[in-house]
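Chemist: Before I ask anything, here is the structure I am working with.
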Amino acid sequence: MSRPICIHGHFYQPPRENAWTEAIDRQPSARPEHDWNRRVARECYIPNTAARLLDASGRICRLVNNYSYLSFNFGPTLLSWLEEAFPEDYRRILQADAESLGRLGHGNAIAQAYNHAILPLCSPRDRDTQIRWGLADFKHRFGRDAEALWLPETACSDAVLGALAAHGLKYAILAPNQAWRVRPQGVESWIDVSAGGLDTRRAYLWTDPADPERSIALFFYDGGLSHNIAFDRIMSSASDGARRFASAAASDHSGSALVSVATDGESYGHHEPFADMGLAAMFVREFPALDLASVNYAAFLAKNPPLWQAQVKPGQDGLGTA
């Protein structure tokens, strides 16, 4: 059985429009492009809709829409800009979600808190607004209800997770250092993982301390592998990068352990030039050769419901963590 891999990309740019003109002013630091939205779009968002796959002679043999294989979220303000600035590429992003929905039964796209607000620091009313607006924008664009919502900076608290569960969302993606303690379901004693030792390859069930009837699944991404992608340029070699994923999945022979990473989506082409090509090669060539399968969190969760529970760290003064 193929071993599941999930790569998540968080794509976001803040609104840069001039409030008086409703247009983005020229930004000299973004040269040769007019502004940073266009600069990052040309280097990352657009290339990932048609990433070049090369043959043994270095010739382009295929164009790959990476969003068809990549778990992803786009900030609503960024998608609003893309829709007008690059409508064809915007359409390809939406189409990629539809393709993944048809292939996996669950779409790759998830929603995002509308204005990239740090939700644990919001008032309850503002937090609810950020979630409601993010979910409404997602449904307007992708034509379906979101199954999850990206938490900006993965900032969370029990109150935030409770709000997500109240809106019917199925899961959240967090950093491994945000886990406090875990236990198998049905076991009374907890295992403290606040200083390490968390198995990030399984889904965990979080139950709301304020309402035991309310719960949501949690995925904690592989921190080391995510750091390698973001800062160590492992995407410069698709074969080497794929072997890193295969190594992380080495002990799984049942398909029930998920190796997942989460980084800024800009890692794939903007922060690391041509990483979009490395990503495409991994998805369609290297992963299948190593018996690895690209999935999204919802598809994995549907086949592997949580057998363990988790609690998250309360953070300083109970304000949560990020």
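The values are calculated or read from the model by the stated rules, or taken from the named source; none is laboratory data. Here the structure is a predicted model, which is why all the values come from computation and not from measurement. All Cβ positions, even for glycine, are placed from backbone atoms using ideal geometry, and neighbour counts span all protein chains on display. Heads up: the accessible areas ignore ligands, DNA and RNA and are worked out on the full protein's heavy atoms, side chains in. Shrake-Rupley method; radii C 1.70, N 1.55, O 1.52, S 1.80 Å.
Chemist: Taking the range 76-93 as the region of interest, how many residues are over 21 Å from K170 (Cα atoms) and either open to solvent by less than 50 Å² (accessible area, probe 1.4 Å) or in a loop (DSSP other than H, G, I, E, B) (or both)?
Modeler: Qualifying residue count for the region: 10.
Every residue, every condition in (1) within 13 Å of I7 (Cα to Cα); (2) at pLDDT 95 or above, yes or no:
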residue	(1), (2)
A262	yes, yes
H270	no, no
L279	yes, yes
K313	no, yes
D317	no, no
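Chemist: Another question about this same structure. Could you tell me which of the residues R16, R26, R39 is surrounded by fewer than 21 Cβ atoms within 10 Å (Cβ to Cβ), within 20 Å of G265 (Cα to Cα) and out of contact with any strand residue (DSSP E or B) (no Cβ under 9 Å at 6 or more places or on another chain)?
Modeler: R39
Chemist: When you scan the range 188-200, do you find a residue that is closer than 22 Å to N73 by Cα and either in a helix (DSSP H, G or I) or in contact (Cβ under 8 Å) with a residue 24 or more places away in the chain (or both), even just one?
Modeler: yes
Chemist: Kindly check whether there is at least one residue in the range 120-129 that is basic (K, R), over 20 Å from A298 (Cα atoms) and touching a residue at least 24 places away in the same chain (Cβ under 8 Å).
Modeler: yes
Chemist: List the strands (runs of 3 or more DSSP E) that sit entirely inside the range 221-322 and contain at least 2 residues that are open to solvent by less than 10 Å² (accessible area, probe 1.4 Å) and not small (G, A, S).
Modeler: Filter on the range 221-322 gives 259-264.
Chemist: To continue, here is another question. Can you pull out every residue in the range 46-55 that is part of a helix (DSSP H, G or I) and in contact (Cβ under 8 Å) with a residue 60 or more places away in the chain?
Modeler: Selection gives P47, N48.
Chemist: Being aliphatic (A, V, I, L, M) and under 23 Å from E153 (Cβ atoms) is the filter; apply it to the range 210-220 and report the residue that is surrounded by the most Cβ atoms within 10 Å (Cβ to Cβ).
Modeler: For the range 210-220, the residue satisfying everything is L218.
Chemist: With the checklist (1) within 22 Å of Q112 (Cα to Cα); (2) of a type outside the set (F, W, Y); (3) under 16 Å from the mean Cα position of the chain (by Cα) in hand, flag the one item E84 doesn't pass.
Modeler: (3)
Chemist: When you look at G58, is it assigned to a loop (DSSP other than H, G, I, E, B), without any contact (Cβ under 8 Å) to a residue 60 or more places away in the chain and either among the basic types (K, R) or over 26 Å from S157 (Cβ atoms) (or both), yes or no?
Modeler: yes
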